[in-house]
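What follows is a short report on a single structure.
The values are calculated or read from the model by the stated rules, or taken from the named source; none is laboratory data. Here the structure is a predicted model, which means the values were calculated and not measured. Positions of Cβ are generated from backbone atoms using ideal geometry, with glycine treated the same way; all protein chains shown enter the neighbour counts. To get the accessible areas, we keep the full protein, side chains included, count just its heavy atoms, and leave off ligands, DNA and RNA. Shrake-Rupley method; radii C 1.70, N 1.55, O 1.52, S 1.80 Å.
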Amino acid sequence: GEDVEQSLFLSVREGDSSVINCTYTDSSSTYLYWYKQEPGAGLQLLTYIFSNMDMKQDQRLTVLLNKKDKHLSLRIADTQTGDSAIYFCAERIDYKLSFGAGTTVTVRA
Amino acid sequence: NAGVTQTPKFQVLKTGQSMTLQCAQDMNHNSMYWYRQDPGMGLRLIYYSASEGTTDKGEVPNGYNVSRLNKREFSLRLESAAPSQTSVYFCESGLAGVDGETQYFGPGTRLLVL
């Protein structure tokens, strides 16, 4: 929705790192999430971070959270062609998830 | 364990027709959700159900009704379809705000209203 914003497109060379950025507005968010959506498929939860954490690493994925600036980022190390997809960030407030519009990541050889 | 299943996968309706989108999960989750996804936008919450027998409106509930008759199934009904309801509909199930990482989405239902 309107409360979560992302850049629309990112092009990255295979083997480089990708960084996808997201800003949110509600400081009462409990969890923040990153999802991956491949063409014609549903969303796949990639990783999440609790709002009292600054960083979370999970294999090739690193999530950074700056609560002061309400900024969330997802870094994908050693980006592969299979990482081409739309990536959504979302914040949870109570039971509800509020999503950004998605960042389309294109990996070029 | 089939995860989250949705039926149908595709549907074409005429304006004014009704239909029910079905969602089922076999993971014993309390919470289930219906979202719609439109081009260039993130998912928007239509309705959610925190537990069997309870439902609440989300961000865009107008024109929809839901039913959570048991823990496993959560259906979304369009009583009188409108072209503005052309969208891709996703069902999600998870644990209700307790364990934030347990979320599963269905494959989606693609609906075209003429």
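A compact table of results
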item	result
Filter pass, B:Thr15 being in contact with a Pro (Cβ under 8 Å, 6 or more places away or on another chain), more than 14 Å from chain A (Cβ to nearest Cβ) and either under 24 Å from A:Ile86 (Cα atoms) or open to solvent by 50 Å² or more (accessible area, probe 1.4 Å) (or both)	yes
Matching residues in region B:65-89 - criterion: being closer than 17 Å to B:Arg36 by Cβ and open to solvent by 70 Å² or more (accessible area, probe 1.4 Å)	B:Asn65, B:Arg77, B:Glu79, B:Ser80, B:Pro83, B:Ser84
Criterion: free of Cβ contacts under 8 Å to residues at least 12 places away in the same chain, surrounded by 17 or more Cβ atoms within 10 Å (Cβ to Cβ) and at negative phi - qualifying residue of B:Gly58, B:Gly42	B:Gly42
Filter result (more than 13 Å from the chain's Cα centre (by Cα) and facing chain B (nearest Cβ under 7 Å)) within region A:82-96	A:Arg92, A:Asp94, A:Tyr95, A:Lys96
Residue in region A:49-58 that is farthest from the other protein chains (Cβ to nearest Cβ), counting only those that are open to solvent by 50 Å² or more (accessible area, probe 1.4 Å) and over 13 Å from A:Arg75 (Cα atoms)	A:Asp54
Region A:1-43, subset within 10 Å of another protein chain (Cβ to nearest Cβ) and among the hydrophobic types (A, V, I, L, M, F, W, C), residue most open to solvent (accessible area, probe 1.4 Å)	A:Leu8
Members of region B:37-83 that are within 14 Å of another protein chain (Cβ to nearest Cβ) and farther than 30 Å from A:Glu5 by Cβ	B:Ser51, B:Thr54, B:Arg68
Residue count for region A:50-98, restricted to those that are of a type in the set (Asp, Glu), at negative phi and touching a residue at least 60 places away in the same chain (Cβ under 8 Å)	2
